[in-house]
1. Can you tell me which residue within the range 224-240, out of those that are among the small types (G, A, S) and touching a helix residue (DSSP H, G or I) at 6+ places or on another chain (Cβ under 7 Å), is surrounded by the most Cβ atoms within 10 Å (Cβ to Cβ)?
2. Of all residues in the range 241-258, which are surrounded by fewer than 15 Cβ atoms within 10 Å (Cβ to Cβ), assigned to a helix (DSSP H, G or I) and not basic (K, R)?
3. Do we have any residue at all in the range 132-140 that's closer than 30 Å to K238 by Cβ, in contact with a strand residue (DSSP E or B) (Cβ under 8 Å, 6 or more places away or on another chain), at pLDDT 80 or above and in a loop (DSSP other than H, G, I, E, B)?
4. Checking the conditions here, which among T21, T6 is under 15 Å from the mean Cα position of the chain (by Cα) and at pLDDT 90 or above?
5. Report, by residue number, each residue of the range 55-86 that is at pLDDT 85 or above and of a type in the set (S, T, N, Q).
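The values are calculated or read from the model by the stated rules, or taken from the named source; none is laboratory data. What you see is a predicted model; the values in this text were computed from it and never measured. All Cβ positions, glycine included, derive from the backbone under ideal geometry; neighbour counts span all protein chains shown.
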Amino acid sequence: MLQSMTGFGKSAYNSELGEITIEIKSLNSKNLDISFNIHPFFRSIENELRSFLSSVFFRGKIEFKISLSTEESFAKINKNIIKEYINELNSVVKADEIELLKIAVKLPDTFSKQNLEISPSDKKQLINKIEKASEEVIDFRKKEGEVLEIDLLNQLLVIKNNLEEVILLAPKRIESIKNRLRKSFKDLEIEFNTDRFEQELIYYLEKYDINEEIVRLESHLDFFKKEITSDEAQKGKKLGFISQEIGREINTIGSKANYSTIQVHVVEMKNSLEKIKEQLLNVL
């Protein structure tokens, strides 16, 4: 089964720190590229989180985000500093303590951030939620992969059907080339050795024979279909390589055919192959 590199997963839960939300977005990329956008509180375990994500996602651009809805648990009141501010202000002007408090809390160093560390239980819960979000991404990828697989097989069938038409036309092409060459020599109105002409004709036709390309193309198409339906987890790059080989044989058939009716089918095969290559950019 194919997997797309496009996916999205999300999970959220309430903790003593506040509501924690995890979001994972996956896009297509040649290699694994993980970008982090996480709350500073979780920076201490970033390496662990990166290692975990690397073990789950083998390819694609992964955008990983952890947000915390409130920071109240991180705020610490510096009571002594506030009291000193109130005393200083009171020595300048006599005023209600509540009014002085309003002024004092706006002055520097009245609040500080606590250097909290994530507890083992909190980390375990966080990892569980990240696993859940990751599973959603993978499920999303599999559903997208099913759509990709159907489209790829359809385009592959178009190439195969056009190739069958080329096979049927190949004998007519040979006969057409023979007749055209014979007519050209007759039009020249010169004498020539018939046996030598036939030998040269055979050499010419062998040079432009497309049977080998047809056989190889059939083999590549069968191999491509087999790989699509295999159980291999990562096959986007391999399918990309096979598609290049398919393109090489189609191009050679087109350049050697020298027959307009076959060229029509070559164009159709090239068109379907381009669609396949575009889709493969998003296959894991």
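1. Filtering the range 224-240 for residues among the small types (G, A, S) gives 230, 233, 236, 240.
Then keep just the ones that are touching a helix residue (DSSP H, G or I) at 6+ places or on another chain (Cβ under 7 Å); that gives 236, 240.
Details: G236: 22, G240: 15.
So the residue we want is G236.
2. Result: F241, Q244, S255.
3. Scanning the range 132-140 turns up no residue that is closer than 30 Å to K238 by Cβ, in contact with a strand residue (DSSP E or B) (Cβ under 8 Å, 6 or more places away or on another chain), at pLDDT 80 or above and in a loop (DSSP other than H, G, I, E, B).
4. Values: T21 fails: under 15 Å from the mean Cα position of the chain (by Cα).
The match here is T6.
5. S55, S67
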